[in-house]
Amino acid sequence: MHLSPCVDSSIVVQVALTGWEGIHMATEEERRAARAGLVSAAVRVGLPIEFAELLVHELRTTPAMQRMTAYLLSVRPTHMEDIADEMLAIMEQRDRWFEQKRSEEANATITAFYNRPDRPDEDN
C-alpha cells in the first residue's frame, strides 16, 4: 500500500487493526510543526536543508519526526552517517511496532475463532 506523504502511516495501521476509537490522529498543524521542528533542528546542527527534507520524507510519521528532532537537539551529532543510522533505527523500531500490532491482531482473531460460541464440540 502506498501512502501519500501527508498520511501518518502509524495511524493507518492502528486504525486498520483496532478501529477509530481511542486514536489520536496527528492534525495537519501538528504534522507541520513536527516537520518544521525537524528541519530547524537539522539546520541548527549544520545539516544541509536537502538532508533535512530527506529525513522528513523518510520518517513520514509525526512521532518519528519528533524523535529525530529530540535526537538532533540532545546529541548534536556531527556526522551525517550517525544521523542516518539514527533515522534507520527509528524506522526499524516503528516497523517492529507495526508488525507486533499485526501479530497481536492475528492472535486475537484466531483466539476469537477458537472460542466462538457456535464452535462444534470435539467430543462428537
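The values are calculated or read from the model by the stated rules, or taken from the named source; none is laboratory data. Keep in mind that this is a model prediction, so the values were computed, not measured. Neighbour counts run over all protein chains shown; Cβ positions are idealised from the backbone, glycine included.
Computed quantities for the displayed model
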| item | result |
| --- | --- |
| Out of 86, 92, 99, sole residue that is in contact with a helix residue (DSSP H, G or I) (Cβ under 7 Å, 6 or more places away or on another chain) and either in a helix (DSSP H, G or I) or at positive phi (or both) | 86 |
| Sole exception among (1) buried (at least 17 other Cβ atoms within 10 Å of the Cβ); (2) part of a loop (DSSP other than H, G, I, E, B); (3) modelled with pLDDT under 90 for residue 120, by number | (1) |
| Residue list for segment 52-91, restricted to those being of a type in the set (Val, Ile, Thr) and surrounded by fewer than 18 Cβ atoms within 10 Å (Cβ to Cβ) | 75, 78 |
| Total residues in segment 64-92, condition closer than 20 Å to residue 32 by Cβ and basic (Lys, Arg) | 1 |
| Qualifying residue in segment 10-30 (condition: buried (at least 17 other Cβ atoms within 10 Å of the Cβ), hydroxyl-bearing (Ser, Thr, Tyr) and either assigned to a helix (DSSP H, G or I) or modelled with pLDDT under 75 (or both)) | yes |
